[in-house]
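Taking it in order: structure first as structure tokens, then the write-up.
No value in this document is a laboratory result; all are computed from the given coordinates. The structure presented is a predicted model; accordingly, all values stated were derived computationally and were not measured. So basically every Cβ, Gly included, is an ideal-geometry build from the backbone, and we count neighbours across all protein chains shown.
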Amino acid sequence: MAPPSPTEQPARTLRARLHEVIFGIETPAGRAFDVVLIWAIVASVIVVVLDSVVSIRHAYGALLVTVEWVFTVAFTLEYLARLYCSEHRWRYARSFFGLVDLLAVLPTYVALLGPTVHVLVDVRVLRLLRIFRVLRLGKFVDEFGALGRALAASRHKIFVFLFFVVLVVLLIGTLMYVVEGPQNGFTSIPVSVYWAITTMTTVGFGDITPHTDVGRFIASLMMLLGWGTLAVPTGIVSSEFTAERLLHGRRPTARRCGDCTHEEADAAAQFCRYCGTALPVVTTADATDDPRTP
């Protein structure tokens with residue numbers, strides 16, 4: 001293969017430097033870029049929230065629009081820079097965070113077409129999509145990954161728990177339909193199941209209430225059952241989260257994907273499980289520092 005020409009070398013060097021700053025966290029420039037980006041995302045979400053308040057929008061509408069466009073242009077340039085320096089641009093564009101990055105800027109431009117085209121959806125609905133920017137914080141916070149792995153590990157237990165809850169509310173709802181009847185507001189089994197769900201979750205809207213002594217007794221048991229039932233999923237996820245922190249509390253062998261920025265903790269993995277990009281090779285020194293290595 002012929003060596004790169006002098007005109008290609010600066011462009012390749014610029015692309016490598018951008019990749020190191022945007023996708024990397026090992027250098028001071030990369031860490032500073034992530035910190036600035038986090039604050040920019042938080043500030044842009046605050047602008048969207050403030051713009052939804054009518055009194056604030058009337059008083060500072062022009063300022064909020066200007067600030068919003070500043071953030072939109074900045075995030076657009078950042079998205080284009082990620083596409084430019086990514087080794088596999090199409091994989092990054094199709095990845096989860098790539099789509100989130102696109103959704104963070106696209107609605108603002110689409111909203112410009114609102115006054116000129118006949119759309120069935122209010123432009124304000126498109127503006128609400130800008131809240132997707134807050135999802136971009138997930139790529140910078142390791143605890144999101146730990147929580148996701150804990151939820152994935154406990155998914156079977158949570159499914160069994162939800163199946164039990166569905167059976168309980170179906171049985172109690174049917175029983176209340178028989179005991180109370182349409183004359184007391186329990187006009188059908190679905191309505192009675194709705195009452196059972198609001199009672200078990202301790203919401204209690206009060207739009208439907210039992211009037212007979214037997215119905216009130218069943219409602220009392222349902223309320224007590226709800227207190228104990230709500231604590232079950234919390235304990236399941238908490239135990240898995242604790243085990244996850246003990247297992248992955250220190251992850252010196254974790255490697256970050258250069259395209260979708262997913263952090264892979266499995267030392268044996270060779271490719272990113274989300275976009276398929278080849279992961280950096282774990283060095284011998286990193287492997288010996290792993291606390292799970294005997």
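Miscellaneous remarks
- Segment Ala268..Tyr60, full-extension length gain: 69.5 nm, with 0.36 nm per residue of separation and the alpha-carbon distance subtracted.
- Using 0.36 nm per residue and subtracting the Cα-Cα separation, the extra length available between Leu221 and Ala81 on full extension is 44.5 nm.
- When peptides 54-64, 166-176, 223-233, 191-201 are sorted by average Cβ neighbour count within 10 Å, with the highest value leading, the order is 191-201, 166-176, 223-233, 54-64.
- Dipole axis of the stretch 152-248 (+1 Lys, Arg; -1 Asp, Glu on Cβ), positive-most option in Tyr194, Thr242, Thr209: Thr242
- Between Arg17 and Leu99, the simple label model (points 7 Å from Cα in the Cβ direction) yields a spacing of 3.5 nm.
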